[in-house]
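Heads up, the thing below is written out as structure tokens.
The values are calculated or read from the model by the stated rules, or taken from the named source; none is laboratory data. Treat the numbers as computed from the prediction; the structure is a model and nothing was measured. All Cβ positions, glycine included, derive from the backbone under ideal geometry; neighbour counts span all protein chains shown.
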Amino acid sequence: MSLRQHQREAVRQALLREGMRLLAAQGFAATTVDQIASAAGVAKGTFYNYFATKEDLALAALPPRLEALRRELAGAEGLPLRAALHRLLTRLAEWTQQIHPDVIWLWCIENLRRGGAERASQLLHRLVTDLCARGQRRGEITDRRPAEEVALDIEGIVLARLAAWYHSGAPPGLLPRLLAAVDTYLAGARAGDPAGDAERTGAGASRRTEAMGKETGGR
């Protein structure tokens, strides 16, 4: 890295550090670009050389955390899917305390608005997809659907729970709610006996047909 690149990165990190400090203390709406630039020791115009908006700065705090977690979980090859997802959710709950609920809510909104195209959402999707694929190879969850689709289900559940938590005033107890929601999904996504599934499906269809016949006959 050249001296100029090093200086630019130092300014970017200062803006990110001071911006996140102010956001954590004041919330998103109360924090201004002027305040962030002043705290970082640069002019307001300099801010826009690094971040297009205040939203972009806030979202830039999440990718490094997700990248570090991905490396951590990739190294924990023996960790079962449920335990790996619990670790991810635990980190996410910790981040809501360290960052600010506003930033987490902003990420939820941007994830939906940009269709998962922003960096943090891409990293989360890749991480959860890798974990689901690993779980499928081990027979921990069914492989009848692509790992990417299963990952999207899990991400949707997490986003929905985060949104509900935020709109209820960000009360304590986020982590147990996240864990319970994902555990419920995993209970239905475990790999089962195909023959047993077919038998249960056939039996259910027979009962429905029988019930419909009785109902029709009684008219």
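How many residues, within segment 110-160, are among the hydroxyl-bearing types (Ser, Thr, Tyr) and within 18 Å of Leu186 (Cβ to Cβ)?
Of the residues in segment 110-160, 2 are among the hydroxyl-bearing types (Ser, Thr, Tyr) and within 18 Å of Leu186 (Cβ to Cβ).
Results for (1) surrounded by fewer than 18 Cβ atoms within 10 Å (Cβ to Cβ); (2) without any contact (Cβ under 8 Å) to a residue 24 or more places away in the chain, shown as yes or no for each residue.
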{"position": "Thr46", "(1), (2)": "yes, no"}
{"position": "Leu57", "(1), (2)": "no, no"}
{"position": "Ala60", "(1), (2)": "no, no"}
{"position": "Glu67", "(1), (2)": "yes, no"}
{"position": "Leu79", "(1), (2)": "yes, yes"}
{"position": "Ala83", "(1), (2)": "yes, yes"}
{"position": "Leu89", "(1), (2)": "no, no"}
{"position": "Leu92", "(1), (2)": "no, no"}
{"position": "Gln97", "(1), (2)": "yes, yes"}
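Do we have Ala83 as out of contact with any helix residue (DSSP H, G or I) (no Cβ under 6 Å at 6 or more places or on another chain), in a helix (DSSP H, G or I), modelled with pLDDT under 90 and small (Gly, Ala, Ser) here?
no
Checking Ala39 against (1) crowded, with 19+ Cβ neighbours inside 10 Å; (2) modelled with pLDDT of 95 or more, which single condition isn't satisfied?
The single condition Ala39 does not satisfy is (1).
Looking at segment 141-165 only, could you name the residues that are crowded, with 18+ Cβ neighbours inside 10 Å and among the acidic types (Asp, Glu)?
Glu155
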